[in-house]
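Read the structure below first, then the notes.
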Amino acid sequence: MAKKWKIVVLLTAVVAMLGGCLGEKPVLDELGKDGKGKIKVVYYDEDNFYREYGNYFNVKYPDIEFEIVNMNEMYKDLEGKENVDYEAERLKFLEKHKPDVMMVSLENMEKMVQEGKLYNLDAVIAQEKFDLEGYMPGLIDMIREKGGGSLYGLSPNFYTSVMYYNAELFREHNIEPPRNKMSWQEVLDLSSRFAGIGSGEDQIYGYYERYGSPENLLYKMAEASSLRLFDPKGEKLIFNTDGWKQLMKQETDSIRNKAVYTMPPSNHEDRVFRGDDDLFFKGKAAMVIESPWFLTQIKDRHLWDKESKKIDWGMVTAPVDPASPDETSYAGLSEMYVIAADSPNKRAAWEFVKFVNGPEMAKAASRSMRGDLPTRTQFMKEVDGKSTEAFYMLRPKAESGSMWGGSNVQIPYDFHSAFSTILSKELQAVIDNKKTVEEAAAAIQAEGEAALLKAREEDKARKEAEQKVKGESGKAEEENKTEGSGSAEAGTAEGD
């Protein structure tokens, strides 16, 4: 009996060993023995594609060919057209060209997942043990949320904004510098410490809204909060509320008291043209919110701008919502790389997506300072000896831009500029002490509702006109087909 058990154990071990040697069946078929393959990829243009990814990838996979679908062609076709929904146009463009690998926004990825158009990456990622631990905190979870719990895409880069500050100004005036995860109220309170320093052209400001007028700053402050401009269905404007009035008061008080500098609406274009956007570099503003690209200016501006000073700088996270201090509304994913569910070249497509999102490309991206950052955190630890912790500390909010209602709310394009004009006028009236916050908020609500109604009516009329033109075009096309068919039949008859 003991002998039989030994044989059973031995056979079990042999089977297990054979299973390990043979390995599990690959989720995707391997590339051929010659390593050849072909992928149809969407990118902005062919030259940029090879410069960014293609040349690097072909060093590793020299026999995989690319067919580049030039997305700039789509943008050229849309030039001059008004009220274009670029995300919708991008989906149409992808449907027309049917690429293997696509660049899409997180919102469009979600739509395509719901329509069953994307390949689920979970199985191949698990089988190949592709590293997901190296990504910034919360990123993979956020992508899974949009994929209904599964991973349908990966993003090599993200964009964000942080608070840069002039450390020397804070030291000189014995003011405690900003810290990570401050609220907007705390930032404005800190800015007010500079309000009485200097006067006229020598005035020192705590916070400086570069290129922006008061309405731009209000939008930026609202982004970090849970405030919404519309009801959940996007049907009604909701502005005359305690939350919006509180933000208006915080901002207008700070601008009036010279704690904060924004460009006056009437001078906005003129100031940008004349280049008066350098209060920070002149040492006259203590804090600004900018992208990672701003680091190149901090490092080099004093070399070509005689009026600029070399800045002893620091950076912390942009202001957060106290209700969700570990998230930021000022960050998002640049592009998602996804694979078409019906792609006949899934293995080659996966090799490309894996490479673009792998550690090699992240390491290369960390060596150049551009507008976006690698989503993998291990390669970019510091810049000029300063920690990059502020870039990676906060998780991007899944619903970025939700102040306007998010991706499920359709707001007429024309409304945005009309509403900004209304907001600018009323905020300036409060700053100039011509109106109270209560009066201005009521006016914004009333005028905003009228602008929304007008924009909706114009949008409806425009769509009806487009449908009419499309219908007439289709009818003419059918008539031409019928005439062509008749001519062909007549020709056949004559031949007979």
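Brief remarks follow.
- When the pairs 38/92; 233/460; 38/98; 258/282 are compared against a 19 Å limit on Cα-Cα distance, 38/92 fall above it.
- Inter-label distance, residue 236 to residue 368: 5.1 nm, where each label sits 7 Å from its Cα along the C-beta direction.
- Efficiency of FRET between residue 172 and residue 249 - r from beta-carbon atoms, R0 41 angstrom, step 0.05: 0.85
- Semi-axis lengths (Å, descending) of the ellipsoid that matches the C-alpha gyration tensor of segment 24-143: 28, 21, 14
- Segments 172-179, 417-424 sorted - mean Cβ within 10 Å per residue, highest first: 417-424, 172-179
- Summary of packing: across the peptides 337-345, 426-434, the per-residue average of other C-beta atoms within 10 Å ranks them, highest first, as 337-345, 426-434.
- Loop-located trypsin sites (Lys or Arg not before Pro) in segment 71-150 whose Cβ has at most 11 other Cβ within 10 Å (DSSP): 81, 129
- Taking 20 °C and 1.002 mPa s as conditions, segment 79-221 diffuses translationally at an estimated 107 µm²/s according to Stokes-Einstein applied to its Kirkwood radius (Cα pairs).
- Label zone at residue 189 (point 7 Å along Cα-to-Cβ), backbone N below 16 Å, segment 244-266: 247, 250-251, 254
- Using a probe radius of 1.4 angstrom, the carbon and sulfur fraction of the accessible surface of segment 119-251 is 46%.
- Extension gain, residue 38 back to residue 202 (0.36 nm per residue minus Cα-Cα distance, nm): 52.8 nm
- Compactness of segment 318-439, taken as the C-alpha radius of gyration over 2.2 N^0.38 Å, stands at 1.54.
- Hydrodynamic estimate: the Kirkwood radius of segment 66-127 over Cα pairs, inserted into Stokes-Einstein at 20 °C and 1.002 mPa s, corresponds to D of 161 µm²/s.
- The modelled label-to-label distance between residue 433 and residue 282, using points 7 Å beyond Cα along the C-beta direction, is 2.6 nm.
- Proximal aspartates and glutamates to residue 81, defined as alpha-carbon separation beneath 17 angstrom and excluding residues fewer than eight positions away on the same chain: 73, 89, 414, 458, 459, 464, 466
- Extension gain for the segment residue 421 to residue 355, taken as residue separation times 0.36 nm less the Cα-Cα distance, is 19.2 nm to one decimal.
The values are calculated or read from the model by the stated rules, or taken from the named source; none is laboratory data. Keep in mind that what you see is a predicted model, and the values were worked out from it rather than measured. For neighbour counting, all protein chains shown are included, and Cβ atoms are generated from backbone atoms with ideal geometry for every residue, glycine included. With ligands, DNA and RNA removed, areas are computed over all heavy atoms of the protein, side chains included. Shrake-Rupley method; radii C 1.70, N 1.55, O 1.52, S 1.80 Å.
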